[in-house]
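Enquirer: For reference, the structure I am asking about is given below.
The values are calculated or read from the model by the stated rules, or taken from the named source; none is laboratory data. All of these numbers come straight from a predicted model, not from anything done at the bench. Please note: Cβ atoms are built from the backbone with ideal geometry, for glycine as well, and neighbour counts cover all protein chains shown.
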Amino acid sequence: MEPGAQVWVRDTKGSEEWIQGDLLSRRDAAKSSEFTVSVNGGKPVLIQSEIDAESGEPEDVKLCNVDVGGRAVSEPLDIPDCPVDTALRSLPMPPDDLVQLQHLHEPALLHVLSLRFRMNVIYTYVGAILISMNPFRRIPALYEQRRLEQYYSTGLLRAQGVDDVDLLPPHVFAVADGAYRAMMDDKDGTCSGGIN
């Protein structure tokens with residue numbers, strides 16, 4: 001982590017919020033580091049951060065992902081009572097799978113999930129795990145019969161060995177289809193977890 005890097009810093013007011021800033025300087029000691037960070041182009045802030053014993057990384061300062069765009073087939077979804085802001089539409093779509101991020105840590109995960117949520121994209125993968133955020137509103141387009149059939153057809157083609165099937169955005173239908181097909185492919189009577 002060198003001066004000039006974009007970083008996330010834990011809010012010094014004791015909250016669990018992370019704030020984006022620019023690293024101005026860093027001074028390391030045995031079990032902690034001292035960072036000078038400019039937050040929102042304002043006055044430099046001095047941050048003391050202990051070093052995590054396992055990772056060897058500072059606990060309260062993390063590197064930003066310079067480009068949160070990634071392989072995404074999701075698109076911003078306009079719904080009648082909550083259209084996507086024009087400024088958000090100009091940003092690259094954050095990846096469908098957070099494993100694609102160069103730096104995967106708490107502030108990066110929260111930032112990307114926040115961006116996707118504001119684009120009305122409530123499903124995101126982290127590897128095989130599906131994260132679903134409650135939109136607190138109805139999004140009828142997500143659960144139409146057409147969409148269900150799309151995930152079913154894609155799962156069926158993959159189950160038959162067709163690999164060049166179009167990727168679909170993360171969705172609970174994809175997880176359900178995958179679980180169903182794994183259960184039906186089970187030849188020895190055990191679940192995928194090995195429990196009878």
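Enquirer: Taking the stretch 32-67 as the search range and keeping residues that are of a type in the set (S, T, N, Q) and not in a strand (DSSP E or B), which one is nearest to R10 (Cα to Cα)? Walk me through how you get there before you give the answer.
Expert: Initial filter on the stretch 32-67 (of a type in the set (S, T, N, Q)): 32-33, 36, 38, 40, 48-49, 55, 65.
Keeping just the survivors that are not in a strand (DSSP E or B) gives 40, 55, 65.
Details: N40: 14, S55: 17, N65: 16 Å.
For the stretch 32-67, the residue satisfying everything is N40.
Enquirer: Out of V112, V162, V99, V172, which single residue is out of contact with any helix residue (DSSP H, G or I) (no Cβ under 8 Å at 6 or more places or on another chain) and surrounded by 14 or more Cβ atoms within 10 Å (Cβ to Cβ)? Full working, then the answer.
Expert: Details: V112 fails: out of contact with any helix residue (DSSP H, G or I) (no Cβ under 8 Å at 6 or more places or on another chain); V162 fails: surrounded by 14 or more Cβ atoms within 10 Å (Cβ to Cβ); V99 fails: surrounded by 14 or more Cβ atoms within 10 Å (Cβ to Cβ).
Result of the check over V112, V162, V99, V172: V172.
Enquirer: Any residue in the stretch 151-174 that's among the hydroxyl-bearing types (S, T, Y): show its pairings with residues that are in a loop (DSSP other than H, G, I, E, B) and surrounded by 14 or more Cβ atoms within 10 Å (Cβ to Cβ) at Cβ separation under 9 Å, as long as the two are six or more apart or on different chains.
Expert: Correct list of pairs: Y151/L168; Y151/H171; T154/L168.
Enquirer: Moving on to the next point. Restricting attention to the stretch 20-49, which residues are of a type in the set (S, T, N, Q) and at pLDDT 85 or above?
Expert: Looking only at the stretch 20-49, we keep the residues that are of a type in the set (S, T, N, Q), and these are 20, 25, 32-33, 36, 38, 40, 48-49.
Of everything in the stretch 20-49, those that are of a type in the set (S, T, N, Q) and at pLDDT 85 or above turn out to be Q20, S25, S32, S33, T36, S38, Q48, S49.
Enquirer: Is it the case that some residue within the stretch 145-156 is in a loop (DSSP other than H, G, I, E, B) and modelled with pLDDT of 90 or more? So that I can check it myself, show each step before the final result.
Expert: Just the residues of the stretch 145-156 that are in a loop (DSSP other than H, G, I, E, B), to begin with: none.
No, the stretch 145-156 contains no residue that is in a loop (DSSP other than H, G, I, E, B) and modelled with pLDDT of 90 or more.
Enquirer: On to the next question. Any idea how many residues of the stretch 168-196 are modelled with pLDDT under 60 and among the hydrophobic types (A, V, I, L, M, F, W, C)?
Expert: Total meeting the criteria: 2.
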